[in-house]
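To start, the structure itself, in structure tokens.
The values are calculated or read from the model by the stated rules, or taken from the named source; none is laboratory data. Since we're looking at a predicted model, the values are computed, not measured. With ideal geometry, Cβ positions are generated from the backbone for all residues, glycine too; neighbour counts draw on all protein chains shown. Note: accessible area is taken over every heavy atom of the protein model, side chains too, but ligands, DNA and RNA are not part of it. Shrake-Rupley method; radii C 1.70, N 1.55, O 1.52, S 1.80 Å.
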Amino acid sequence: MKRLEFDGTEKRFLGTSALRELTLTLEGDKIIGLLGRNGAGKTTAMKLAAGFLRPTAGSVRAFGEPAFNSLFASANTIYMSEDVRFPYTLSLGGILDELARAYPNFDRALAGRLADYFSLPSDSKHAALSKGMQNTFNLIAGLAARCPLTLLDEPLNGMDAAVRKDLTSVLLKEFIEAPRMIIVSGHQLQGLEELFEEIAILHKGRLLRHEEADSFKGQFKKVSGPASAVSAATERHTVILRRPSLPGMEEAIVELGPGMTLFAPAGTDLAVSALSLNDAYIAATGGTEGGIDRVYADPSGENKPQNRRHPANRP
Ligand SMILES: Nc1ncnc2c1ncn2[C@@H]1O[C@H](COP(=O)(O)OP(=O)(O)OP(=O)(O)O)[C@@H](O)[C@H]1O
């Protein structure tokens, strides 16, 4: 049974198209990164998957059933984000008790231990917590529910570095302890990138990429060295960003053509290095030569991006 299927899914809000013709099938127990810049459509896709929104056109199916209005799908799905609010009258402990009643796999004891570890007192009110603490609590609750389809919308927003590091470990431990499909959205990966087996990138409401994280990452390289050597080495690839570094030197980020590789020729000063998943995804969704430096170097705006072939540059 397919866990989650978007088929020609469109979602419009009055005049805005949040998602356009999204066709994407996700299967199996794995941690999947749903990536995209601000406004790409990640939250909309997650809320459609959770059955909170009805698609304008096309369909969204979870566990083989329409996600919207399916009791079976909603009993097996949990969506968490920093915007999820709980009844004001309940304490944190009370919220965990209620969630344990709603979700059959909810590990109430573990949720309590995690809440203690992250200094979230059982008798506190959710609304009285700081933003980062609210999001920490929401993530604990979302993971302790152990739902077969777990949707975490920007789960590390607002957390300090130490909490982020701990919660990244919690996410991995939880996945190992109770394998499920965990979809994590974000525009800043904040250390989560090592967890992703698969990624889907949304860009301006459309699916830009869907593939294994390692294979995606391997398609991008950073090339730096003398300008002429950088030009020669990158001419057969899609140049995403190119900028001067030291005098006479340049650095470029390229996307390799299918089946192509790029090595620094022996005896040259050219350096070729891999990109992190975070940088590769930014490159894939950036697509303007020169990056922010171009704005400062060319105040007239006449020197428009040259790389119109890049998918991220399509209107
Ligand atoms: N309820 C709404 N009413 C009107 N427009 C909306 C609504 N929800 C989302 N949008 C629009 O749909 C588009 C996609 O928004 P969405 O929140 O899904 O993106 P996102 O990728 O999650 O962005 P971010 O990373 O900034 O949270 C945006 O242009 C947004 O303004």
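Between Phe72 and Ala161, take the C-beta separation as r, use R0 = 35 Å, and let me know the FRET efficiency to the nearest 0.05.
0.35
What whole-number value in Å² describes the accessible area per residue of the chain for a 1.4 Å probe? Walk me through the intermediate numbers first.
On the way: 15400 Å² over 315 residues.
Heavy-atom accessible area per residue stands at 49 Å².
With a sphere of radius 9 Å drawn around the Cβ of Val184, what net charge do the other residues whose Cβ falls strictly inside it have (Lys, Arg +1; Asp, Glu -1)? Kindly include the intermediate steps, with their values, before the conclusion.
On the way: positive: none; negative: Asp153, Glu154.
Local charge sum for Val184: -2.
Can you give the convex hull volume per residue for the Cα atoms of the chain, as a whole number of Å³? Before the final figure, lay out the partial values.
On the way: hull volume 52.5 nm³, N = 315.
Normalising the Cα hull of the chain by residue number yields 167 Å³.
Carbon and sulfur atoms: what percent of the 1.4 Å accessible area of the chain do they account for? Present the calculation step by step, with values, prior to reporting the outcome.
On the way: 7990 of 15400 Å².
Reported share for carbon and sulfur atoms: 52 percent.
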